[in-house]
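**Q** The structure that follows is given in the form of structure tokens.
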Amino acid sequence: MVSSHDEVQRLKEEVQAEVDRLGSDLLSVSRFLHANPELAYEERQAAELLTDILEQHGFVVTREAANLPTAFTGLAGSGAPRPARRRAAPNRTWRRAGRRRTARRCHGRPKP
């Protein structure tokens, strides 16, 4: 847990410096993915590229995670594993036209 505003600012600066350092790699990946679209669960070129890049940057990569040919995990650092991943938001309440609706972000907006 981040304890102070100064620490938050320091972490933001560290992240920005790392993004700047990796800028050309990130841009190359973005361009490759755009130029080579693949269907869901068939992202073989994307998985290969991303796992290779993670390994080049010191991650321990496990391919075919969860018995999916294109899934992978990447671990870095020390201590207990804390995988970085995008989490689905918990249930969130939406108010629209005076009605209350609950939706999960991972499933998109609720139907009207």
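The values are calculated or read from the model by the stated rules, or taken from the named source; none is laboratory data. Not measured: the values here are computed from a predicted model. As a convention, Cβ positions derive from the backbone with ideal geometry for all residues, glycine included, and neighbour counts pool all protein chains shown.
**Q** Kindly check whether there is at least one residue in region 1-11 that is on the phi < 0 side of the Ramachandran plot, outside any helix (DSSP H, G or I) and β-branched (Val, Ile, Thr).
**A** yes
**Q** Could you please find all residues in region 37-75 being assigned to a helix (DSSP H, G or I) and more than 18 Å from Leu26 (Cα to Cα)?
**A** Hits for region 37-75 are Arg44, Ala65, Ala66, Asn67.
**Q** Under 9 Å between Cβ atoms, at least 6 apart or on separate chains: pull out the pairs that start in region 21-32 with a residue that is within 11 Å of Leu49 (Cβ to Cβ) and end on any residue that is surrounded by fewer than 13 Cβ atoms within 10 Å (Cβ to Cβ).
**A** Asp25/Gln56; Asp25/His57
**Q** Now for a separate question. Based on this model, can you work out whether Arg31 counts as loosely packed, with under 11 Cβ neighbours inside 10 Å and either of a type in the set (S, T, N, Q) or at pLDDT below 90 (or both)?
**A** No: the conditions fail for Arg31.
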